[in-house]
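Read the structure below first, then the notes.
The values are calculated or read from the model by the stated rules, or taken from the named source; none is laboratory data. Since we're looking at a predicted model, the values are computed, not measured. For neighbour counting, all protein chains shown are included, and Cβ atoms are generated from backbone atoms with ideal geometry for every residue, glycine included.
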Amino acid sequence: MSDDKLVGIVLVSHSAEVAASVAELAKELAGGAVAVPVAPAGGREGGGIGTSAELVSAAAASVDRGAGVAVLTDLGSAVLTVKALLAEGDELPDGTRLLDAPFVEGAVAAVVTAATGADLDAVEAAAAEAYTYRKV
Amino acid sequence: MLDADFFRRWMTATAASVDREAERLTALDSPIGDADHGSNLQRGFTAVRVSLEKEAPNTPGAILTLAGRRLISTVGGASGPLYGTLLRRTGKALGDASEVSEEQLAEALRAGVEGVMTLGGAAPGDKTMVDALVPAVDALGDGFAAARGAAEQGAEATTPLQARKGRASYLGERSIGHQDPGATSSALLIAALAEAAEG
């Protein structure tokens, strides 16, 4: 637990619009008191649907405040790209973690929790808990 | 013994083969995938070819590690991290020797295939690249031509299977009757290996 260092959040989607919108939504729902570093990494570098390792690495570096970086992904290549980058060892900041969580609900839970100054473990737990929220 | 030239030939032969077969790979990816496998791999292996020329790594391990890293960063689809991991793991397993034996390559490739299986969570029979790669590695002890034949057979044998991984798995039984694009491109990679061995 740190006093002022916030966990950074990276949102990786196949679509640039989805990643950016979910980032916006999560920040909005978290309220404006504390600015959690949130960065979208959506689509391929030149545009188009897919996953860009470069965009993911840049997003993670941009939100790293030294308290760890939580990465949420949609599916397929987004998950595999983050896992492959984590396996590389030096492509993502120290303390970067892929969260096992639903993309939208998990992002909201992660950003809201990070805004309280919670550590990476707590952010991860809150995002994963979003799976238990049933709709019917 | 297999030197750096052999591994460069393998990668350029793969790039050429992916160029030739890109349309076919994308066509296979249309009924059960998102119709981008050929163009994705083409972009990736083109980047590999350019990087190998520019950075000129000079050991077998360094060549495959660089190729793997380029695939992870340029492909844009799931095949990027999967093929990237395959080549990177294989390259790391080869270490920094300037020449390696066929047995060492077979062993390293097995480590690479295991890396792919761990990353993607796929096992043989799931209708993925693993279905071509595992038989190829198993046959490598009998030579490159045997590995090539085993990979091609393995790819063809994915047709009657039901996909259990990736986007195709959402189709359930409707994935049956289509040859898997990933297994097909894996067979191209192994065929390029045999081509490199021919000189």
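Among the conditions (1) among the polar types (S, T, N, Q); (2) over 11 Å from the mean Cα position of the chain (by Cα); (3) buried (at least 24 other Cβ atoms within 10 Å of the Cβ), the only one that residue A:57 does not satisfy is (3). What do you reckon, is residue A:44 among the charged types (D, E, K, R), within 12 Å of another protein chain (Cβ to nearest Cβ) and either buried (at least 20 other Cβ atoms within 10 Å of the Cβ) or in contact with a Lys or Arg (Cβ under 6 Å, 6 or more places away or on another chain) (or both)? The answer is yes for residue A:44. Could you go through region B:5-19 and let me know if any residue there is free of Cβ contacts under 8 Å to residues at least 24 places away in the same chain and not in a helix (DSSP H, G or I). No, region B:5-19 contains no residue that is free of Cβ contacts under 8 Å to residues at least 24 places away in the same chain and not in a helix (DSSP H, G or I).
If you go through region B:50-62 one residue at a time, do you hit one that is within 14 Å of chain A (Cβ to nearest Cβ), without any contact (Cβ under 8 Å) to a residue 60 or more places away in the chain and not polar (S, T, N, Q)? Taking every residue of region B:50-62 in turn, none turns out to be within 14 Å of chain A (Cβ to nearest Cβ), without any contact (Cβ under 8 Å) to a residue 60 or more places away in the chain and not polar (S, T, N, Q).
Of the residues making up region B:113-129, just one is touching a residue at least 24 places away in the same chain (Cβ under 8 Å), more than 14 Å from chain A (Cβ to nearest Cβ) and among the hydrophobic types (A, V, I, L, M, F, W, C), namely B:113.
Looking at region B:130-199, the helices (runs of 4 or more DSSP H) lying wholly inside it that each contain 3 or more residues that are surrounded by fewer than 17 Cβ atoms within 10 Å (Cβ to Cβ) and either in contact with a helix residue (DSSP H, G or I) (Cβ under 6 Å, 6 or more places away or on another chain) or modelled with pLDDT of 95 or more (or both) sit at B:144-156. If you check B:35, B:47, B:67 for being more than 10 Å from every other protein chain (Cβ to nearest Cβ) and crowded, with 24+ Cβ neighbours inside 10 Å, only one passes: B:67. In region B:77-95 there is at least one residue matching the filter, namely being part of a helix (DSSP H, G or I), aliphatic (A, V, I, L, M) and touching a residue at least 40 places away in the same chain (Cβ under 8 Å).
Scanning region A:1-21 for residues that are closer than 17 Å to residue A:126 by Cα and at pLDDT 95 or above returns A:6, A:7, A:8, A:9, A:10, A:11. Any residue in region A:57-74 that is within 12 Å of chain B (Cβ to nearest Cβ), out of contact with any Asp or Glu (no Cβ under 6 Å at 6 or more places or on another chain) and under 26 Å from residue B:65 (Cα atoms)? There is at least one residue in region A:57-74 that is within 12 Å of chain B (Cβ to nearest Cβ), out of contact with any Asp or Glu (no Cβ under 6 Å at 6 or more places or on another chain) and under 26 Å from residue B:65 (Cα atoms).
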